[in-house]
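Visitor: Dumping the structure here so I can ask a few things about it.
The values are calculated or read from the model by the stated rules, or taken from the named source; none is laboratory data. What you are looking at is a predicted structure, and each value in this text was computed from that prediction instead of being measured. Backbone-built Cβ (ideal geometry, glycine too); neighbour counts: all protein chains shown.
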Amino acid sequence: MPEPRSTAPRRWAVVAVVAALLVAGPLAWRARPVAADDATAAVVAERVRASADASWSGLVETSGALQLPAADELSDLGRLLGERTRLRAWWQDDRRWRVDELLPAGEHGLRRDGVGLVSWDFERDRATVSRDPDVRLPRSSDVLPPALARRVLDGVGDDDLERLSDERVAGRTALGLRVRPPSPLSSIDHVDLWADRETGVALRVEVYADGQAAPSFTTAFVEHDPGRPDDAEVGPVTGQRVDVEYDEALDIADAANQYAPLRPPGSLVGLPQAEATDGAVGVFGAGTTQLVTIPLRGREAEPFREQLQAVPGAAVTAERTVAAVGPLTVAITGSDDGGLLLAGWVTPEAMGRAAAEAVAGYEYTGDR
Amino acid sequence: MIPVELSKLLRSRRTWMTIAMIDALPALVAVLLAVTDLGPRPGTGPAFLSAVLTDGTLYPLAALAIVLPLFLPIAVALTAGEAVAGEAQQGTLRYLLVRPVGRVRLLVAKLVASMVFVVLAVLVVAATAYVLGVLLLGDESITVTGPTTSVSGTALSTPELVARTGLAFGYAILCMLGVACVALFLSTVVRTPAAAAFGTLGLLVGSTVLLTLDAAQVLHPYLPTRYWIAFVDLFRDPILWRDIVRGTLLQLAYVVVFLGAAWASFATKDVSD
């Protein structure tokens, strides 16, 4: 027998209340207020800088809108800056860490074991051991909030800082800070970051390009543990059937830096050569106003040039091609064969001048 | 009531035909992989499908990744969607309710039968895939008792692999329990089993589409298919529990809400069919 129809509204009301609680409960938990902190912007920046030696572990989500030209050598970088990624990281210090890029059907892992670098690709069932040079392409460990925040604060004075309201990030109270680039050459309008109130470790970083209301790149912890990870968690790849390869060069930038018989000029568009420069690849400026120059051979430069010329708004001349991808400006010199690849956080106009100065300033040092 | 429903399920030729059809796709894929030795390019294809060319013992997981997004939910939606609407369409529902059986007990019995169907389907897929994986796939130098490699590149012992595989299949069954409850609820509302099944599949397709849209990100944690593939996280080292836990809680929430809705709908429904 059916129950009396008069009970139906009560039953539906119970179901509706339960459903509402299940939907609203997590939202209410996340929206609980954050206690205000009276630390000044300079104090927050100092805490972030001082957190360089902090240990931690956590899960990071990044979201980027920087669609790089689809060159094979830059495919990992393109995914990192132009897509949504999840990174699981364990950080003891700058010499011992592990960052796994989580893919729906696998994992790309990077492990720094104190000496060298091991990269792991599950779907190819392959581990690659290489040295870990200072001059290289950006990688997953560079877009973790703590690493990116420290880079952003490099060369920034107190006048370039502004306090933002505090927020809760990954369940932790985080102090807000806005950083404006000190140089007019920068293509970045500002960077917003939130740092853990207790440890100073940056938990969320948002990069805004000139004239953009939405961030071009965001990286944020969704889980964060300020404790020191175990040695086992940052340990080596130990699968018995893993094919291990040894690479003399980490990536295209490292290869050019080691083997190209060239030396970069001492400065470009007024930006001095950085200390990291030790070969053919030039690093200029710091923090939010930095650019790199990489000499490329014809077989690497030509497909990249074709891709860059196809970027909407690219400025193509016989001397160079310059294109802006959000706040990242990329240029390649020449119109065929080899050339200099330039990339950095500078305006397209500054990049055009930098490309001309680089062509004139690079020195040939003989065969290497 | 439950034994009656189980007996009907197990004696139905359609049950075994459906399970055979679910099982056919991963079996065909195993044969094709064995013949061609061509796995999907990295970044494409279901999880573990490239890894099984080296280690055939992982094929049950690849088979799960093949059937979980589409085949299994379709079968569950059809089976659970028929629970009440099927009886109504055949004109047997009122006779069922003439017996001294509570409507809630009938609903629970129908749900249990649907879940037994899921467990059977999953077990058949796992067993078939294991046999085919060991016989046809993998490197011959690798034994079934040897350690395998986790997604993170570390060694997984055989007991660890078996335990994690069991958890993965248990998680998949839980995900299908959520689907079954949605279909069961719709089955109490509509008059035909097809309408209940299509309604359920509409929800799942909508969920899958919304998951690809950044604009719908605020909805993502609530979408039923959001965490289905999270079973891959069980094979990372250490296990990444975040999405597994969230997926479990989400499916339990779907079970509570839609089973509650089925109860609210069916307990006061006028049955004339």
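Visitor: Which one of B:L250, B:L203, B:L234, B:L210 is out of contact with any Ser or Thr (no Cβ under 7 Å at 6 or more places or on another chain), at the interface with chain A (Cβ under 10 Å from one of its Cβ atoms) and at pLDDT 95 or above?
Guide: Of the residues listed, the single one that is out of contact with any Ser or Thr (no Cβ under 7 Å at 6 or more places or on another chain), at the interface with chain A (Cβ under 10 Å from one of its Cβ atoms) and at pLDDT 95 or above is B:L250.
Visitor: I need every pair where a residue in segment B:220-244 that is in a helix (DSSP H, G or I) has its Cβ under 6 Å from the Cβ of a residue that is of a type in the set (G, A, S) and surrounded by 21 or more Cβ atoms within 10 Å (Cβ to Cβ), sequence separation at least 6 or different chains.
Guide: B:A230/B:G247; B:F231/B:A168; B:V232/B:A47; B:L234/B:A168; B:F235/B:S150; B:D243/B:A230; B:I244/B:A230
Every residue, every condition in (1) under 24 Å from the mean Cα position of the chain (by Cα); (2) more than 14 Å from every other protein chain (Cβ to nearest Cβ); (3) without any contact (Cβ under 8 Å) to a residue 12 or more places away in the chain; (4) within 30 Å of B:L156 (Cβ to Cβ), yes or no:
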{"residue": "A:A220", "(1), (2), (3), (4)": "yes, no, no, no"}
{"residue": "A:Y259", "(1), (2), (3), (4)": "no, yes, no, no"}
{"residue": "A:A276", "(1), (2), (3), (4)": "yes, yes, no, no"}
{"residue": "A:V283", "(1), (2), (3), (4)": "yes, yes, no, no"}
{"residue": "A:A314", "(1), (2), (3), (4)": "yes, yes, yes, no"}
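Visitor: Using beta carbons and a limit of 8 Å, which pairs, at least six apart or on different chains, have the first residue in segment A:343-368 and surrounded by fewer than 16 Cβ atoms within 10 Å (Cβ to Cβ) and the second one assigned to a helix (DSSP H, G or I)?
Guide: A:R368/A:Q258; A:R368/A:Y259
Visitor: If I ask for residues that are in contact with a His (Cβ under 6 Å, 6 or more places away or on another chain) and not in a strand (DSSP E or B), which ones from segment A:163-206 would you list?
Guide: A:A170, A:R180
Visitor: Just for segment B:38-54: of the residues that are touching a residue at least 60 places away in the same chain (Cβ under 8 Å) and surrounded by fewer than 23 Cβ atoms within 10 Å (Cβ to Cβ), which one is farthest from the other protein chains (Cβ to nearest Cβ)?
Guide: B:L53
Visitor: Looking at segment B:72-90, I want the residues that are under 15 Å from B:K269 (Cβ atoms) and have a partner that is crowded, with 24+ Cβ neighbours inside 10 Å and of a type in the set (D, E, K, R) with Cβ atoms under 7 Å, at least 6 apart or on another chain. Which pairs are those?
Guide: B:A83/B:K110; B:V84/B:K110
Visitor: Across segment A:25-54, which residue is nearest to the other protein chains (Cβ to nearest Cβ) among those that are under 30 Å from A:R96 (Cβ atoms), in contact with a helix residue (DSSP H, G or I) (Cβ under 8 Å, 6 or more places away or on another chain) and not in a loop (DSSP other than H, G, I, E, B)?
Guide: Per the criteria, the residue is A:S51.
Visitor: Cβ-Cβ distance below 9 Å, separation of 6 or more or different chains: which pairs start in segment A:84-105 with a residue that is within 12 Å of another protein chain (Cβ to nearest Cβ) and in a loop (DSSP other than H, G, I, E, B) and end on one that is crowded, with 18+ Cβ neighbours inside 10 Å and among the aromatic types (F, W, Y)?
Guide: A:A105/A:F122; A:A105/B:F48
Residues checked against (1) among the β-branched types (V, I, T); (2) modelled with pLDDT under 90:
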| site | (1), (2) |
| --- | --- |
| B:R103 | no, yes |
| B:V116 | yes, no |
| B:A127 | no, no |
| B:L132 | no, no |
| B:T149 | yes, yes |
